[in-house]
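Novice: Mind having a look at this structure? Questions to follow.
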């Protein structure tokens with residue numbers, strides 16, 4: 001899938017959170033997503049966290065349960081990365097940010113890797129998940145857009161018009177993916193997404 005198409009879409013088309021469309025888009029289902037993230041995230045005090053595909057940073061900011069030692073922000077969109085950097089400024093002992101493809105960036109060693117809303121833009125879901133897992137020393141928490149919800153099919157059509165193929169997944173696909181690494185894992189459904197958590201330390 002074209003990284004340039006993704007970058008252009010999120011830099012130029014994707015609605016800001018405070019816009020009319022942004023308020024509808026971001027608020028829809030966000031409370032459930034945050035409840036799950038807060039349930040699954042360990043106490044983040046003193047941890048190193050990678051927010052892979054961080055977007056505007058609001059999800060991580062709202063989910064944190066303690067002051068991390070380090071937050072690393074990565075996103076293809078320079079616009080989103082700037083918003084996330086401003087939102088999370090002062091939220092950790094160290095904050096770093098880079099316009100980067102989190103799937104290909106490579107550097108690991110993070111206690112927590114958070115990957116909300118990026119796997120569905122990858123051509124190979126299993127390879128992308130493996131790459132993210134390789135960057136985690138503690139836990140990986142990731143999401144995939146669900147096949148069961150009509151809204152996601154509308155998103156898929158919209159994105160196809162912008163040259164982007166949104167990959168949707170059902171329960172069996174996500175459960176099979178999470179279990180394929182042979183590590184302790186959990187899978188739960190939110191309104192529009194499937195979330196999975198893989199515990200590297202538990203292996």
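Novice: How would the range 127-192 be classified by its alpha-carbon gyration tensor: rounded, prolate or oblate, with rounded meaning a/c under 1.5 and the a/b versus b/c comparison settling the rest? Before the final figure, lay out the partial values.
Specialist: Values: a/c = 2.67, a/b = 1.73, b/c = 1.54.
Prolate shape, in that a/c is at least 1.5 and a/b is the bigger ratio.
Novice: At 0.36 nm per residue, and after removing the present C-alpha to C-alpha distance, how many nm does the segment from residue 43 to residue 30 gain when stretched out fully?
Specialist: On the way: separation 13, 0.36 × 13 = 4.68 nm, distance 2.07 nm.
Result: 2.6 nm gained on full extension.
Novice: Given 0.36 nm per residue, what is the gain on full extension from residue 199 to residue 181 after removing their alpha carbon distance, in nm? Intermediate results must be reported in sequence, preceding the final value.
Specialist: Working: separation 18, 0.36 × 18 = 6.48 nm, distance 1.02 nm.
Result: 5.5 nm gained on full extension.
Novice: Semi-axes of the chain's equivalent ellipsoid from the Cα gyration tensor, sqrt of 5 times each eigenvalue, largest first, rounded to whole Å?
Specialist: Values: eigenvalues 106, 87, 53 Å².
Over the Cα atoms of the chain, the semi-axes work out to 23, 21, 16 Å.
Novice: Evaluate the relative contact order of the chain (contact order divided by residue number), counting alpha-carbon pairs under 8 angstrom at least 6 apart; express in whole percent. Display every interim value, and only then the final one.
Specialist: Values: 394 pairs, mean separation 36.4, N = 203.
Normalised by residue count, the contact order of the chain is 18 percent.
Novice: Also: If R₀ is 30 angstrom, what is the calculated FRET efficiency for the pair residue 11 and residue 62, using the beta carbon separation as r and rounding to 0.05?
Specialist: 0.80
Novice: If you don't mind, there's one more thing I want to ask. Could you tell me how far the Cα centroid of the range 182-203 sits from the Cα centroid of the range 69-91, in Å?
Specialist: The range 69-91 and the range 182-203 have Cα centres spaced 24 Å from each other.
Novice: Working only with C-alpha atoms, what are the Rg and Dmax values of the range 39-146, expressed in angstrom?
Specialist: Answer for the range 39-146, Rg first and Dmax second: 12.5, 36 Å.
Novice: Can you tell me the relative contact order of the range 95-203? Whole percent, Cα pairs under 8 Å, sequence separation 6 or more.
Specialist: Numbers: 182 pairs, mean separation 28.7, N = 109.
Dividing the mean separation by the residue count of the range 95-203 yields 26 percent.
No lab work stands behind these numbers, since they all come straight from the coordinates. Worth saying up front: this structure is predicted, and the values here are computed from it rather than measured. Don't worry about glycine lacking a Cβ; one is built from the backbone with ideal geometry, like all the others, and counts go over all protein chains shown.
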